[in-house]
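Reading through the structure tokens given below for one structure.
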Amino acid sequence: MPFIVSVAVLAVTTALTCALPGTLLVLRRQAMLVEAMSHAVLPGIVVGAIVSGSTRSPLMVVAASLMGLLVVLGAERLRASGLVTGDADQGLVFPVLFAIGVLLLSTALSQVHISEDTVLTGDLNLMALAPEHIIVADGGIDLGPRMMWRLAGVFAITAAYIALCYPTLKISTFDPVSARTMGMPVRRTDLGLMMLVALTVVVAFDAAGAILVVALMTIPPATALLVSRSLFGAMLMSLGIAAASALLGFWVALRWDLATSSTMAVVDALVFLAVLVATLPRRGRARS
């Protein structure tokens with residue numbers, strides 16, 4: 001698979017995988033939880049790499065995902081204590097975990113090729129290089145970047161989970177009290193969703209980094225929710241916007257020699273602003 005095609009396909013796969021759970025997070029006002037997770041997974045990545053001896057080990061993915069889930073559970077405990085208010089619970093947990101990850105990265109893994117810049121913004125182009133591809137030995141068939149297939153697997157798992165738990169997720173998103181009253185497994189379903197969000201953040205980490213994954217996971221859903229009036233429609237529209245913005249961002253980055261992941265995030269933001277401006281007159285008439 002040619003390099004340019006690999007980058008384009010990987011960009012779209014990354015955008016789709018990040019945007020899929022994003023609609024639920026935006027509607028639940030948990031978008032900044034992704035920010036907390038994206039920083040908190042770093043010590044899990046480092047610890048997993050130290051224990052397994054490899055930055056490609058499945059153990060690293062598991063450790064980092066559990067570390068992301070720790071933010072959710074730790075924030076819930078602090079909030080339930082009544083000793084902190086607002087979103088300070090998240091602000092107390094993830095900076096500490098991120099700082100521990102940076103310290104471990106600069107000491108225990110100082111000889112391993114993990115760049116601090118990549119931690120923040122990722123390197124999608126690097127993940128699309130030929131050495132990162134899956135090659136079928138018998139026929140020499142290039143199946144594309146390994147990262148693309150990892151993300152596709154996470155996308156499939158997340159889509160299956162949302163489809164399986166859709167009634168609970170839908171009702172608990174808009175009215176969690178009613179969902180609990182009806183006997184729905186709200187907490188178990190929410191924890192499952194958060195685990196998949198953490199897994200998405202971890203797998204997309206190399207391509208999008210700790211900062212840009214937040215944009216890819218929240219901006220397309222926020223754009224879709226400006227015009228959509230149903231949860232299912234918003235999710236489909238979010239995926240369409242994510243794919244289109246990823247391709248446009250890739251083209252702009254290629255045309256002007258810019259960082260691909262960062263350009264994708266900027267294009268996402270510009271699309272959101274364009275849709276917001278276009279829908280303002282209609283919203284004004286609706287209020288009047």
*Any chance GLY249 is modelled with pLDDT of 95 or more and open to solvent by less than 70 Å² (accessible area, probe 1.4 Å)*: no
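Residue by residue, here is whether (1) in contact with a strand residue (DSSP E or B) (Cβ under 8 Å, 6 or more places away or on another chain); (2) more than 25 Å from VAL41 (Cβ to Cβ); (3) of a type in the set (D, E, K, R) holds:
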residue: VAL203; (1), (2), (3): no, no, no
residue: ASP206; (1), (2), (3): no, no, yes
residue: THR218; (1), (2), (3): no, no, no
residue: LEU225; (1), (2), (3): no, yes, no
residue: ALA234; (1), (2), (3): no, yes, no
residue: ILE241; (1), (2), (3): no, yes, no
residue: SER262; (1), (2), (3): no, no, no
*Failed item, numbered, when ASP190 is tested on (1) modelled with pLDDT under 90; (2) surrounded by 12 or more Cβ atoms within 10 Å (Cβ to Cβ)*: (1)
*Out of the residues in the stretch 14-40 that are within 24 Å of ALA152 (Cβ to Cβ) and more than 12 Å from the chain's Cα centre (by Cα), state the one that is surrounded by the fewest Cβ atoms within 10 Å (Cβ to Cβ).*
LEU24
*Can you confirm whether the stretch 256-273 contains a residue that is of a type in the set (Asp, Glu) and loosely packed, with under 15 Cβ neighbours inside 10 Å?*
yes
*asked:* Tell me yes or no: at least one residue of the stretch 198-221 is of a type outside the set (Asp, Glu) and not in a helix (DSSP H, G or I).
replied: yes
*asked:* Return the residues of the stretch 103-122 that are under 21 Å from the mean Cα position of the chain (by Cα), buried (at least 16 other Cβ atoms within 10 Å of the Cβ) and either modelled with pLDDT of 70 or more or of a type in the set (Ser, Thr, Tyr) (or both); say none if nothing qualifies.
replied: THR118, THR121
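Here are ALA204, ALA160, ALA152: which of them is open to solvent by 20 Å² or more (accessible area, probe 1.4 Å) and under 14 Å from the mean Cα position of the chain (by Cα)?
Working: ALA204 fails: open to solvent by 20 Å² or more (accessible area, probe 1.4 Å); ALA160 fails: under 14 Å from the mean Cα position of the chain (by Cα).
Only one candidate qualifies: ALA152.
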*Output the residue which, of all residues in the stretch 127-152 that are of a type in the set (Gly, Ala, Ser) and touching a Ser or Thr at 6+ places or on another chain (Cβ under 9 Å), is modelled with the highest pLDDT.*
ALA152
*Specify the residue that is modelled with the lowest pLDDT; the eligible residues are those in the stretch 16-35 that are aliphatic (A, V, I, L, M) and closer than 16 Å to ASP268 by Cα.*
ALA31
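The values are calculated or read from the model by the stated rules, or taken from the named source; none is laboratory data. Quick caveat: nothing in here was measured; it's all calculated off a predicted structure. Reconstructed Cβ throughout: ideal geometry from the backbone, glycine too, with neighbour counts over all protein chains shown. For the accessible areas, the whole protein counts, side chains as well, though only heavy atoms, and no ligand, DNA or RNA atoms are used. Shrake-Rupley method; radii C 1.70, N 1.55, O 1.52, S 1.80 Å.
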